[in-house]
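Let me begin by presenting the structure, written as C-alpha cells, before commenting on it.
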Amino acid sequence: MKRIALYPGTFDPVTNGHLDIIYRASSLCDVLIIGVAENIGKKPFFNVSKRKSLIEEAISKKNSNTTRRLGEIQVKSFDDLLIDFARSNSVTMIIRGLRAVSDFDYEFQMAGMNARLASDIETVFLTASERHQFVASRFVKEIALLDGDISSFVPSNVSKAIESKKKLKK
C-alpha cells in the first residue's frame, strides 16, 4: 500500500520554507500531494492556477539540486473540506509545517478537528529549518509590494512572477 501524504496550504506565494517542507515530507512518503487551497476569502495575490504552476516550476528546478530520495510529488488544487479532499486522494497523512510556537496552537487545534473527522488520517508536524523559521507568505508579499528584496525568501520564478504582477498593477 502506498503511503500518500498531503501538504495543504494557500501557497500565496510558495516560499523557500514551503519547498523545504515539501522535500523533507516527500522523503517520508511514496506520494506527496501539494494541496493548493482556493481560499478566495484570503484574497490571494495569485489565482489558484498560477500558484499551482509556480509550485510545479519551482519543484522542477529544485529537484535537480537535491540529494534526498523523493517520492512522487503532485500539485492539485481544492476548494472543499480538507478531509474530503484527503479522502478523495487516498491520503493517509497530512503534513503541517511549524515555523514558531505561535503556529503550534492553531495547528494543534486543526489536527484535533481533523482527527475527529477522519481518525484514520494522521497529522504529521515538521518544524521549519532554522533559516526558514520566520519566512511567511504574507511577509514576502508585503516586502515585495514595498519594493524590498525577496530573493532569499522565494524561488527565482516566484520573485519574477511577483515583479511582473506588480508592473501590471502600476
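The values are calculated or read from the model by the stated rules, or taken from the named source; none is laboratory data. What you see is a predicted model; the values in this text were computed from it and never measured. We place every Cβ from the backbone using ideal geometry, glycine too, and count neighbours over all the protein chains shown. Remember, those area values only see protein heavy atoms, side chains included, never the ligands or the DNA or RNA. Shrake-Rupley method; radii C 1.70, N 1.55, O 1.52, S 1.80 Å.
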Per-pair calculated FRET efficiency, R0 = 30 Å: residue 80 and residue 146 via Cβ, rounded to 0.05: 0.30
Efficiency of FRET from Cβ geometry, residue 166 and residue 102, R₀ 30 Å, rounded to 0.05: 0.55
Overall dimensions of the chain by Cα: Rg and Dmax, Å: 15.7, 52
Probe 1.4 Å, protein heavy atoms only - accessible area per residue of region 110-170 in square angstrom: 67
Alpha carbon centroid spacing (whole Å) that separates region 93-127 from region 14-52: 16
Net length gained if the chain between residue 139 and residue 42 were fully extended (0.36 nm per residue, minus Cα distance): 33.5 nm
Under-5 Å amide H pairs with residue 10, H placed in peptide plane, nonlocal only: 37
Cross-link pairs 76/166; 141/165; 50/76; 43/141 - those with Cα-Cα distance over 18 Å: 76/166
Surface share of carbon and sulfur [accessible, 1.4 angstrom probe, percent] for the chain: 53
Distant-in-sequence amide H partners of residue 75 (H built 1.01 Å from N, under 5 Å): 34
Proximal aspartates and glutamates relative to residue 42, as straight alpha-carbon distance under 12 Å, when same-chain residues fewer than 8 apart are discounted: 12
